[in-house]
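Just so it is clear, none of the values below were taken in a lab; they were calculated from the coordinates. Keep in mind that this is a model prediction, so the values were computed, not measured. Glycine gets a Cβ as well: all are built from the backbone with ideal geometry, and neighbour counts include every protein chain shown.
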Amino acid sequence: MKLAVYTVSLPEYSIPESVALIKEMGYDAVEWRVDSTAGVPRSMFPQGVDTYAFRYWLDNKSTLDVANIVEECKKAKALCDEAGLEIVNLATTLRGDDETLEHVLEAAASIGCKSIRGPMDKYDPSKPYAQQFEDTRNYLRHVEPMLKKYGVKMLIETHHGMMISSASSAMRVLEGFDPNYFGVIFDPGNMVYEGYEDYNKSFDMLGDYLAHVHIKNAALVPAGEDEFGATKYTQSWMPLKKGSANLKALIQALVKVGYDGVLSVEDFSNEKPTREKLEENIAYLKQLIAAAK
């Protein structure tokens with residue numbers, strides 16, 4: 001398995017600095033965040049939000065500008081080639097814009113990157129699930145010719161609050177689609193909040209659709225009581241060794257099915273500095289892989 005860093009977790013580092021740091025830490029590859037470099041609007045977050053905790057999205061410097069993605073990718077590719085790092089995925093936040101999608105696919109193909117992350121469709125409880133399900137599948141049918149044109153796979157991430165939050169929901173949405181052009185980013189951290197299923201069952205179920213794995217961790221932590229005296233819980237990103245996701249079991253299950261793809265670190269915890277997290281995380285993952293084999 002290759003060990004990569006998803007640059008959303010390097011918010012304070014510029015693109016050249018990120019490449020240098022990832023190489024220094026001994027990782028094999030980079031997964032680039034692709035978005036507007038203006039940052040996610042603060043209006044999307046609650047008032048009084050902790051800007052340090054949310055710096056990954058608000059002011060991320062390790063982001064390829066989607067508005068100029070072809071040139072951005074060429075520059076990133078040159079830096080990564082010099083450092084001996086592979087670019088394994090372009091993690092976009094596409095929102096149904098065909099022109100932007102085509103530019104991202106063109107950029108990926110031009111640098112030999114085999115996959116991009118597709119849109120994460122939010123589940124809207126005010127609308128019928130069946131209609132949202134069909135809308136998601138219709139979008140995949142719509143973009144398939146573009147994926148075939150550029151020879152790039154679109155990956156759908158398991159994510160809480162979205163139409164795809166588990167292996168089962170991914171299989172429902174992807175049923176009948178060609179796994180050469182569609183796959184799943186399996187994210188155990190997100191599935192702490194919604195979507196957890198036994199890892200062995202999940203990977204057996206996903207089969208050829210299992211294309212990429214994000215490595216982060218999370219927990220539901222007590223947050224006071226409601227008006228009836230029942231304990232409330234809130235979402236909290238955690239260091240890899242402290243969250244609820246059993247990463248040891250995850251790696252064991254991946255080895256069991258012969259997964260030889262990428263483990264991409266996406267650590268949103270805030271207990272330690274970025275550099276220290278990167279160093280500790282790669283050591284931990286190497287331990288888990290060695291033990292599983």
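Listing for the model above:
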{"quantity": "Candidate aspartates and glutamates - alpha carbon under 19 Å from Lys23, same-chain residues fewer than 8 apart omitted", "calculated": "Glu12, Glu31, Asp81, Glu82, Glu86, Glu266, Asp267, Glu276, Glu279, Glu280"}
{"quantity": "Region 2-292 - charge dipole about Cα centre, Lys and Arg +1 at Cβ, Asp and Glu -1, debye rounded to 20", "calculated": "420 debye"}
{"quantity": "Contact order normalised by residue count of region 86-147, Cα under 8 Å, 6+ apart, percent", "calculated": "36 percent"}
{"quantity": "Virtual spin-label span in nm between Asp81 and Ala249, 7 Å along Cα→Cβ", "calculated": "4.4 nm"}
{"quantity": "For region 68-215, convex hull volume per residue from C-alpha positions, Å³", "calculated": "115 Å³"}
{"quantity": "Cα-based radius of gyration of the chain once divided by 2.2 N^0.38 Å, which approximates compact folds", "calculated": "0.97"}
{"quantity": "Segments 90-98, 186-194, 128-136 sorted - mean Cβ within 10 Å per residue, highest first", "calculated": "186-194, 90-98, 128-136"}
{"quantity": "Nearest-0.05 FRET efficiency for Met171 and Glu17, computed from C-beta distance (R0 41 Å)", "calculated": "0.55"}
{"quantity": "Amide H contacts under 5 Å for Lys153, placed H, 5+ residues apart", "calculated": "Ser115, Ile116"}
{"quantity": "Placed amide H near Ile87: partners under 5 Å, 5+ positions off or other chain", "calculated": "Val30"}
{"quantity": "Mean projected area in nm² (Cα convex hull; one quarter of hull surface) for region 27-84", "calculated": "4.8 nm²"}
